Amino acid sequence: MKPIIAPSILSADFAYLAKDLEMVNRSEADWVHIDVMDGVFVPNISFGFPVLKYVAKLSKKPLDVHLMIVQPEKFINEVKALGAHTMNVHFEASDVYKRQVLLMSVNPGFGGQKFIEHTVEKVRELRALIDSTGSKALIEVDGGVNLETGARLIAAGADALVAGSAVFAAPDPEGMIHSLKDL
C-alpha cells in the first residue's frame, strides 16, 4: 500500500499560497497538512482560521489540521466547519479521542528542521503496539521527511508522511510528491 502524503503548507510561499495549493491539487498528494501554532504551546505563530477558511476553499485535497495550541478543544467546531478530514492535537494539550497518532520527528514549531533519528524506532514501537491491540489508528510522521527518511519511516510502519521543505523547496514539487508516494 502506498503511503499517504500530506504536504505541509507551512513551507509554502505565503505570497503565492493559491499557486502552491493549485500545485498540491494537481499532484498525487493525499492531504494538505496545516500547522496551526499559537506562540504559546510552541514558540512560533503560523496562521489562524481566516487563512484556514481560504485554504479550505481552494484545496481539493482533504485537510489534515495540526493544532499546536493551548486548549485545542476550544477549536473543534471551527476545525469541523472547515470540513477537515483529520485534526491532530498534542497529547500534552488535550484528552481528545484519537484515531490517528502524529509523531513529531522535529521539535514542534518551525519548518525546515533536521530529522530526529530516534523517530524511526518510535514508529516501529508504535506500529507493534497498534498491531498488538487491534487498533486501526494511522501513524503519521511530521518533520524532516524527505525521500531517505520517508523510506525508513514507511519501512518502520508509518502510514502517512508530512513533508514541507522537501516538497516546496524541490525544483519539481509535484515530482517530489510522486516520489514520496512511491516509497
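The values are calculated or read from the model by the stated rules, or taken from the named source; none is laboratory data. Every value quoted in this text rests on a predicted model; they were computed, and no experiment measured them. Positions of Cβ are backbone-derived with ideal geometry, glycine not excepted, and every protein chain shown enters the neighbour counts. These accessible areas exclude ligands, DNA and RNA; they are computed on the full protein's heavy atoms, side chains included. Shrake-Rupley method; radii C 1.70, N 1.55, O 1.52, S 1.80 Å.
Here are some notes:
- Sparse-neighbourhood loop sites, trypsin sites (Lys or Arg not before Pro) in region 55-115 - DSSP loop, at most 16 other Cβ within 10 angstrom: Lys60, Lys98, Arg99, Lys114
- Residue pairs, from the table Lys19/Lys80; Lys57/Lys122; Lys57/Lys181; Lys53/Lys122; Lys60/Lys136, whose Cα atoms sit over 32 Å apart: Lys57/Lys122; Lys53/Lys122
- His85 - accessible surface, heavy atoms, 1.4 Å probe, Å² rounded to 10: 100 Å²
- Portion, in percent, of the accessible area of region 79-177 that falls on carbon or sulfur, probe 1.4 Å: 56 percent
- Karplus-based coupling profile of region 104-118, in residue order and whole Hz: 7, 10, 9, 6, x, x, 9, x, x, 7, 6, 4, 8, 4, 5, with θ = phi - 60° in 6.51 cos²θ - 1.76 cosθ + 1.60 and x standing for Gly or Pro.
- Cleavage-rule hits (chymotrypsin sites (Phe, Trp or Tyr not before Pro)) in region 12-98: DSSP loop, at most 13 neighbouring Cβ within 10 angstrom: Tyr97
- Largest to smallest in accessible area, the residues Leu52, Leu126 fall in the order Leu126, Leu52 (1.4 Å probe, all protein chains included).
- In this Cβ point-charge picture (+1 for Lys and Arg, -1 for Asp and Glu), region 31-183 has a dipole of about 400 debye about its Cα centre.
- Over all orientations, the chain has a Cα convex hull whose mean projected area works out to 9.7 square nanometres.
- Ordered by solvent-accessible area of protein heavy atoms (1.4 Å probe), largest first, the residues Glu28, Glu148 come out as Glu148, Glu28.
- Put the Cα centre of region 32-105 next to the Cα centre of region 122-183 and the gap is 19 Å.
- Couplings 3J(HN,Hα) for region 137-142, derived from phi with the Karplus relation 6.51 cos²θ - 1.76 cosθ + 1.60 (θ = phi - 60°), are 4, 7, 9, 10, 10, 10 Hz, where x marks Gly and Pro.
- Solvent-accessible area per residue for region 54-183 (1.4 angstrom probe, square angstrom): 52 Å²
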